[in-house]
Amino acid sequence: MTKIISLCKRRGFIFQSSEIYGGVEALWDLGPLGAMMKKNLRDFWTKKFVFEEENIVPIEGTVLMHPKVWEASGHLEHFTDPLVECKNCHFRYRADHMAAGRFIGQGKAKVKNQCPNCGEKEFTEPRMFNLMFKTFLGPIEDKAYQTYLRPETAQSMFTNFQNVLNSSRLKIPFGIAQIGRSFRNEITLGDFIFRSREFDIAEIEYFVEPGEDEKWFEIWLDKWEKFFLDLGIKKENLRRFEHPKESLAHYSKRTVDIEYKFPFGWAELAGIANRTNYDLKKHSQFSGQDLEYYDEEKKKKYFPFVIEPTMGLERAILAILCDAYQEIEGGRTKTTKATKEIEILLKLDKKIAPIKIAILPLVRNKPELVKKAKEVYQMLKPHFTCQYDELGSIGRRYRRQDEIGTLWTITIDFDTLKDDTVTVRDRDTMKQERVKIGDLIKLLKEKLEK
Ligand code: GAP
């Protein structure tokens with residue numbers, strides 16, 4: 001994990017928020033490469049679940065909503081974790097994490113229920129702590145104006161259920177999809193971007209007829225798991241975890257987590273829940289609006305059940321980075337003597353790699369080569385995310401690109417000046433092929449789509 005964190009900072013994937021002021025725990029900024037990776041992930045999710053599905057539509061709801069939303073949804077009452085405080089140093093922890101020995105080996109914690117900060121074992125009784133951030137609408141900081149930053153995106157898909165139905169002529173089964181910022185005042189921090197206080201959630205609320213929900217749950221579970229395999233995550237690093245009844249959220253009839261084998265152990269990467277008709281019913285009760293669905297063919301009215309596949313985008317990025325990270329002792333080139341140097345290869349999937357192509361002049365002190373390389377760069381830029389790099393030896397530049405997962409590197413050499421061909425090097429096989437500059441766009445597009 002330390003190596004991945006270091007790579008992320010060094011190469012511009014992820015930085016600590018407000019770092020120049022000492023940083024803030026569990027808040028992270030995405031650097032240039034991280035931001036591009038996240039865009040690719042968002043685009044792939046939208047392509048798969050909005051564009052390629054016939055009956056799923058996107059919305060974009062607000063982060064701040066009417067405070068009644070959180071009363072109706074049950075978040076005010078149930079969106080809590082048990083908090084304990086060390087009686088000696090007053091550090092606070094999640095009681096269930098303490099009891100499970102989550103901190104053993106961190107700081108001074110040698111056994112379960114021992115404070116990692118000071119080593120003492122006396123804690124206050126657990127009290128329920130609500131994870132929602134409070135804020136105020138308008139200039140008066142008063143209970144009447146108090147609301148919350150949303151902890152999930154789901155609720156605006158329920159409050160807009162009738163609006164979407166009335167404006168889009170969808171029939172059940174259908175889905176509403178949304179990606180958006182979510183906020184949780186987490187008690188246990190650490191593990192890099194795995195658990196943050198601010199992150200993006202991508203979720204779908206899929207509305208089905210009651211009685212059909214168990215069938216749709218299975219269908220979505222398979223689709224959802226396949227999504228992560230399609231992102232290039234290795235099968236052996238994914239598994240399903242069926243939540244026992246006692247750990248189900250207040251709205252759930254069944255929840256399965258898709259877990260990933262992170263460097264710190266198996267943990268939830270994404271989830272899928274059968275939310276029943278809990279949310280629509282509650283919002284009907286609290287708002288006085290009828291949120292039932294009228295089935296024209298069957299001539300009946302009902303509250304649809306909801307199947308909800310959900311994931312945190314940053315958590316998915318962490319899993320993708322961990323899965324793609326490889327270290328090669330002595331380097332990959334067998335033509336030169338192994339130097340014992342460790343080479344890093346980030347084997348990111350084509351869809352996710354932030355930089356698709358790097359353009360490198362063989363040397364930078366030959367103006368004709370540099371000029372030609374810049375022309376190739378300008379030609380490719382409108383079609384692919386590209387990087388131009390002329391600093392250091394060609395071997396070093398290949399390694400720099402391998403480290404950030406660049407798919408192909410194009411080298412402009414002296415032959416280029418004679419015959420207008422370049423070499424295209426493949427990140428994974430390191431094979432090089434000679435290609436006419438005029439054929440580059442077509443060839444690279446074909447490779448990307450393969
Ligand atoms: N609407 C359902 C819902 O919000 P959740 O399991 O609480 O379900 C959804 O959260 C996903 O968001 C999780 O599967 C996880 O990927 C991600 N997630 C949850 N808490 C997170 C946190 N503090 N930091 C980063 N990602 C988080």
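Values as computed for the structure displayed
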| item | result |
| --- | --- |
| Pairs with Cβ under 8 Å, 6+ apart, first in region 78-103 and among the aromatic types (F, W, Y), second modelled with pLDDT under 90 and open to solvent by less than 40 Å² (accessible area, probe 1.4 Å) | Y93/F103; Y93/I187; Y93/T188; F103/H97 |
| Test for D222: is it part of a strand (DSSP E or B) and of a type in the set (D, E, K, R) | no |
| Qualifying positions in region 367-389 - open to solvent by 50 Å² or more (accessible area, probe 1.4 Å) and of a type outside the set (S, T, Y) | P367, E368, K371, K374, E375, Q378, M379, K381, P382, H383, Q387 |
| Number of positions in region 114-162 that are more than 16 Å from the ligand (Cβ to nearest atom), open to solvent by less than 70 Å² (accessible area, probe 1.4 Å) and not in a loop (DSSP other than H, G, I, E, B) | 5 |
| Filtered residues of region 211-226 (kept if more than 15 Å from the ligand (Cβ to nearest atom) and open to solvent by less than 30 Å² (accessible area, probe 1.4 Å)) | D213 |
| Sole exception among (1) in a loop (DSSP other than H, G, I, E, B); (2) of a type outside the set (A, V, I, L, M, F, W, C); (3) open to solvent by 60 Å² or more (accessible area, probe 1.4 Å); (4) more than 16 Å from the ligand (Cβ to nearest atom) for K68, by number | (1) |
| Residue list for region 408-449, restricted to those being assigned to a loop (DSSP other than H, G, I, E, B), surrounded by fewer than 18 Cβ atoms within 10 Å (Cβ to Cβ), charged (D, E, K, R) and free of Cβ contacts under 8 Å to residues at least 60 places away in the same chain | D420, K431 |
| Hits in region 265-292 (condition: in a strand (DSSP E or B) and either within 14 Å of the ligand (Cβ to nearest atom) or in contact with a Lys or Arg (Cβ under 7 Å, 6 or more places away or on another chain) (or both)) | W266, A267, E268, L269, A270, G271, I272, A273, N274, R275, T276 |
| Lone unmet requirement of (1) closer than 29 Å to L231 by Cα; (2) within 15 Å of the ligand (Cβ to nearest atom); (3) open to solvent by less than 30 Å² (accessible area, probe 1.4 Å) for A324 | (2) |
| Residue list for region 341-357, restricted to those being of a type in the set (D, E, K, R) and either open to solvent by 30 Å² or more (accessible area, probe 1.4 Å) or assigned to a strand (DSSP E or B) (or both) | E341, E343, K347, D349, K350, K351 |
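Table: residues versus (1) on the phi > 0 side of the Ramachandran plot; (2) open to solvent by less than 40 Å² (accessible area, probe 1.4 Å); (3) at pLDDT 95 or above; (4) away from the ligand (no atom under 13 Å from the Cβ).
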position: I172; (1), (2), (3), (4): no, yes, yes, yes
position: Q178; (1), (2), (3), (4): no, yes, yes, no
position: F183; (1), (2), (3), (4): no, yes, yes, no
position: E186; (1), (2), (3), (4): no, yes, no, no
position: A202; (1), (2), (3), (4): no, yes, yes, no
position: E209; (1), (2), (3), (4): no, yes, yes, yes
position: K235; (1), (2), (3), (4): no, no, yes, yes
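The values are calculated or read from the model by the stated rules, or taken from the named source; none is laboratory data. Quantities reported herein were computed from a predicted structural model and do not represent experimental measurements. Neighbour counts run over all protein chains shown; Cβ positions are idealised from the backbone, glycine included. Heads up: the accessible areas ignore ligands, DNA and RNA and are worked out on the full protein's heavy atoms, side chains in. Shrake-Rupley method; radii C 1.70, N 1.55, O 1.52, S 1.80 Å.
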